[in-house]
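A.B. asks: I am attaching a structure below and will ask some questions about it afterwards.
The values are calculated or read from the model by the stated rules, or taken from the named source; none is laboratory data. Everything numeric in this text was worked out from a predicted model, so none of it was measured. Neighbour counts run over all protein chains shown; Cβ positions are idealised from the backbone, glycine included.
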Amino acid sequence: MEKSVLKRIISFYVEGFKGMTTGKTLWLIILVKLFIMFAVLKIFFFPSYLGKFDSADKKQNYVSNELIQRAK
Amino acid sequence: MIAEIDNISLIDWSRAQFALTAFYHWLFVPLTLGLGIVQAVMETIYYKTGDEFWKKTAQFWMKLFGINFAIGVATGLILEFEFGTNWSNYSWFVGDIFGAPLAIEGVVAFFMEATFIAVMFFGWNKVSKGFHLTSTWLTIAGATISAFWILVANGWMQYPTGMVFNPDTVRNEMGSFWAVAFSPVALNKFLHTVLSGWIIGAMFVAGISSWYLLRKREVKFALASIKVAVAFGLIACFLSIWTGDGSASQVAKQQPMKLAAMEGLYEGGEGVNLVGAGILNPSKKEYNDNEEAFLFKIDVPIPKFLSYLAFGKFNAYVPGIKNIIEGGYTKPDGSIALSAEEKIARGKLAINALANYKTAKADSVLLEHKADSIKNALVLAAETENYTETSEGDTITAIALTGDELFAEKKAAVHAKIADSRQQLKENFAYFGYGYIKEPKELIPPLGLTFYAFRVMVILGGFLLLLFAFATYFSYKNKFETKRWLQWTCLISIFLAIFAGQAGWVVAEVGRQPWAIQDILPTSAAISKLSASSVQLTFFIFLVLFTVLLIAELKILTSAIKKGPQINENKN
Ligand code: HEM
């Protein structure tokens, strides 16, 4: 019983994907877009700025110093 | 510190980049919110009547919804990338206040996208009609709830509330989740923004359908779609003007400088008129020079309307830019407004208190870890003080306190400094951001952009209301088909509605400059120390990427529209 529900859910998605027309192009666009966003932009252009500090302590020290210094 | 000039261009480029991504993201979101409701209403009609025509009609709009959704999905995440890279101080500083709503949004969005949307697109002949309809409504409800959490985060930046600043972590922590989630600013913003999406969705359906009518194609489909869209658009317009009025009164309470900029109001007063249209005087350079604010201006014919919009009373006092900078007027809560100078002084006190707190904290850690050597040093210092050199020889008067006592005294002093600075920080935290402001005039947002964007939004709001009213009238009188001027106007107004929404964001975001978080953190403190050229580079990468995506969207959309709903109209 359990299995057949799972199977039905899977086949629902599989058939759905198979039956798509415009949808196929759209999925291609989504995948290319996600690839560009996460594999290129995020890694090479948008690293977390505070990621260079390896602990929360160092991050908060850095930020508090910045916040204090910039007011001068 | 970054060189001043570089800093300014860094801030400008980072803001330009954020604005570009936000504008772009906002091309997709309102259409999702608005088109989603229109198609759900159409499917509901199908569910009630069982008429296959409505099923096909709903399916066609759903297809366009899907195209828009696919191209737009995840474009909002780019804004989150930018927070982490370009606005890292801000991201750290806001901590879980921003994180919590966005995390909820992420989870909601994921589940919605994985389940209900799938049923909506794949489930037509596989699940029951009722289940399908429920999924369609839940898809759009999910998207709207997502929007709610994002707007809660934005609302908090406009009106920070419900948080406690923790000087140890330098983060704002959630004091009251409900105060954040249901702040009046967030609620108004949510309603106004979602309704603006409804207007855009309705205009889209009415405009595309009009295009079919202009080409004399899909006439039955187009007329039926228009009936649903224009009535919905009319309701959305009324509600959006009502909530826009609510937003204006929130702005008046929480961001008086934004309101003054929206109105080009330098000198406030009691019973102030609302500017209907006007041209700002470009030779007015300073808030306190004697130049006129306007070259030309006409007020809205209802006298004292700004006072009424802002505070619900025709004689209410509305401060202008000069008044806000000079202070001294009575605020609606009865307190006297501080001048910009005073706020800056308080901001400096707050930041100083944070600095003192940090050094005192560091001292107290030292006291813990190096108790013995500090004790010895204290004794030595005390002895040195009591050391006297005389001709008879050197003497040391016995020191009054033992090493332990000296140590306890020192510890008490450090703890007192911690408590004092913490208290001082707490008392002045509301003005924290003013500590970064060098001159009061930095507090004035770009006036022209804010003023004109507000006019554009409101005038287009009035225009769209009229348009929907006419369209509803002719549509329900079954005369829409012959009114070509109305069809043209509906088609062109798709762009006007989108433009109104973008202008709304300009009012909300440009109008609150220089603040990243109102009164608490200006952009100059929020920004990461990057090089301006690296931000320029990513700006242009986005420009290219977005243009390509936009072209893809328009191509796929227009080809789907050209193909049409393919309903055999003779059959029904
Ligand atoms: C006609 C009467 C309208 C009034 C009085 C009005 C008022 C306002 C105000 C005061 C804001 C700024 C809120 C803030 O800064 O927090 C705002 C923002 C906005 N408006 Fe309007 N608006 C009107 C019509 C429209 C229309 C027709 C649209 C779009 C179709 C629209 C879309 C927006 C958007 C997207 C925002 C930014 C999000 C927000 O802050 O709520 N508005 N509006």
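A.B. asks: Looking only at region B:83-108, how many residues end up being over 24 Å from A:Ser55 (Cβ atoms) and crowded, with 21+ Cβ neighbours inside 10 Å?
C.D. replies: Total satisfying the criteria: 1.
A.B. asks: Just give me the residues in region B:125-159 being away from the ligand (no atom under 16 Å from the Cβ), buried (at least 20 other Cβ atoms within 10 Å of the Cβ) and aliphatic (A, V, I, L, M), in sequence order.
C.D. replies: B:Ile140, the sole residue that qualifies.
A.B. asks: Please go through (1) among the aliphatic types (A, V, I, L, M); (2) closer than 18 Å to B:Ile200 by Cβ; (3) more than 16 Å from the ligand (Cβ to nearest atom) for B:Ala430 and return the number of the only condition it doesn't satisfy.
C.D. replies: Status for B:Ala430: all satisfied but (2).
A.B. asks: Now for a separate question. What is the residue count in region B:521-535 for residues that are assigned to a loop (DSSP other than H, G, I, E, B) and more than 10 Å from chain A (Cβ to nearest Cβ)? Spell out how you get there, then give the answer.
C.D. replies: Applying the first criterion (assigned to a loop (DSSP other than H, G, I, E, B)) to region B:521-535 yields B:527-531.
Restricting the remaining residues to those that are more than 10 Å from chain A (Cβ to nearest Cβ) gives B:531.
Going through region B:521-535 one residue at a time, the tally reaches 1.
A.B. asks: Would you say B:Thr489 is within 10 Å of the ligand (Cβ to nearest atom) and either within 14 Å of chain A (Cβ to nearest Cβ) or among the polar types (S, T, N, Q) (or both)?
C.D. replies: no
A.B. asks: Take B:Ala19 and decide whether it is at pLDDT 90 or above, aliphatic (A, V, I, L, M) and either away from the ligand (no atom under 16 Å from the Cβ) or closer than 14 Å to B:Ile527 by Cβ (or both).
C.D. replies: No: the conditions fail for B:Ala19.
Conditions tested, residue by residue: (1) modelled with pLDDT of 95 or more; (2) under 15 Å from B:Ile444 (Cβ atoms); (3) among the β-branched types (Val, Ile, Thr).
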| residue | (1), (2), (3) |
| --- | --- |
| B:Ala202 | yes, no, no |
| B:Leu214 | yes, no, no |
| B:Gly264 | no, yes, no |
| B:Val272 | no, no, yes |
| B:Pro282 | no, no, no |
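A.B. asks: Taking only region B:162-173 into account, find how many residues are surrounded by 18 or more Cβ atoms within 10 Å (Cβ to Cβ) and either out of contact with any Gly (no Cβ under 6 Å at 6 or more places or on another chain) or away from chain A (no Cβ under 14 Å) (or both).
C.D. replies: 5
A.B. asks: State the number of residues belonging to region B:433-460 that are more than 14 Å from chain A (Cβ to nearest Cβ), among the small types (Gly, Ala, Ser) and away from the ligand (no atom under 16 Å from the Cβ).
C.D. replies: 1
A.B. asks: So B:Trp87 ticks every box in (1) under 23 Å from B:Phe190 (Cα atoms); (2) under 17 Å from the mean Cα position of the chain (by Cα) but one. Which box is left unticked?
C.D. replies: Only one criterion in (1) under 23 Å from B:Phe190 (Cα atoms); (2) under 17 Å from the mean Cα position of the chain (by Cα) is unmet by B:Trp87, namely (1).
A.B. asks: Please verify whether region B:508-522 includes one or more residues that are modelled with pLDDT of 90 or more, within 20 Å of the chain's Cα centre (by Cα), away from the ligand (no atom under 15 Å from the Cβ) and within 15 Å of B:Glu82 (Cα to Cα).
C.D. replies: No, that holds for no residue.
A.B. asks: Which ones in region B:52-74 are modelled with pLDDT under 90 and at the interface with chain A (Cβ under 8 Å from one of its Cβ atoms)?
C.D. replies: Of everything in region B:52-74, those that are modelled with pLDDT under 90 and at the interface with chain A (Cβ under 8 Å from one of its Cβ atoms) turn out to be B:Ala70, B:Ile71, B:Val73, B:Ala74.
A.B. asks: Would you kindly identify the helices (runs of 4 or more DSSP H) lying entirely within region B:298-414 that contain at least 2 residues that are modelled with pLDDT of 90 or more and closer than 30 Å to B:Tyr266 by Cβ?
C.D. replies: Where helices (runs of 4 or more DSSP H) fall fully within region B:298-414 and carry at least 2 residues being modelled with pLDDT of 90 or more and closer than 30 Å to B:Tyr266 by Cβ, they are B:305-311, B:321-326, B:340-369.
A.B. asks: So which residues in region B:133-151 are aliphatic (A, V, I, L, M) and either more than 19 Å from B:Gln518 (Cα to Cα) or not in a helix (DSSP H, G or I) (or both)?
C.D. replies: Just the residues of region B:133-151 that are aliphatic (A, V, I, L, M), to begin with: B:133, B:138, B:140-141, B:143, B:145, B:147, B:150-151.
The answer is B:Leu133, B:Leu138, B:Ile140, B:Ala141, B:Ala143, B:Ile145, B:Ala147.
A.B. asks: Identify, from the list B:Glu80, B:Glu105, B:Glu43, the residue that is closer than 30 Å to A:Phe44 by Cβ, away from chain A (no Cβ under 14 Å) and of a type in the set (Asp, Glu).
C.D. replies: Exactly one of B:Glu80, B:Glu105, B:Glu43 is closer than 30 Å to A:Phe44 by Cβ, away from chain A (no Cβ under 14 Å) and of a type in the set (Asp, Glu), namely B:Glu105.
A.B. asks: Is there a residue being of a type in the set (S, T, N, Q) and part of a loop (DSSP other than H, G, I, E, B) anywhere in region B:152-165?
C.D. replies: yes
A.B. asks: Here are some residues: B:Phe539, B:Phe463, B:Phe495. Which one is more than 16 Å from the ligand (Cβ to nearest atom) and among the hydrophobic types (A, V, I, L, M, F, W, C)?
C.D. replies: None of the others qualify; the one that does is B:Phe539.
A.B. asks: In region B:41-65, what residues are in contact with a Leu (Cβ under 8 Å, 6 or more places away or on another chain) and surrounded by 22 or more Cβ atoms within 10 Å (Cβ to Cβ)?
C.D. replies: Once the filter is applied, which keeps residues that are in contact with a Leu (Cβ under 8 Å, 6 or more places away or on another chain) and surrounded by 22 or more Cβ atoms within 10 Å (Cβ to Cβ), region B:41-65 yields B:Glu43, B:Trp61, B:Phe65.
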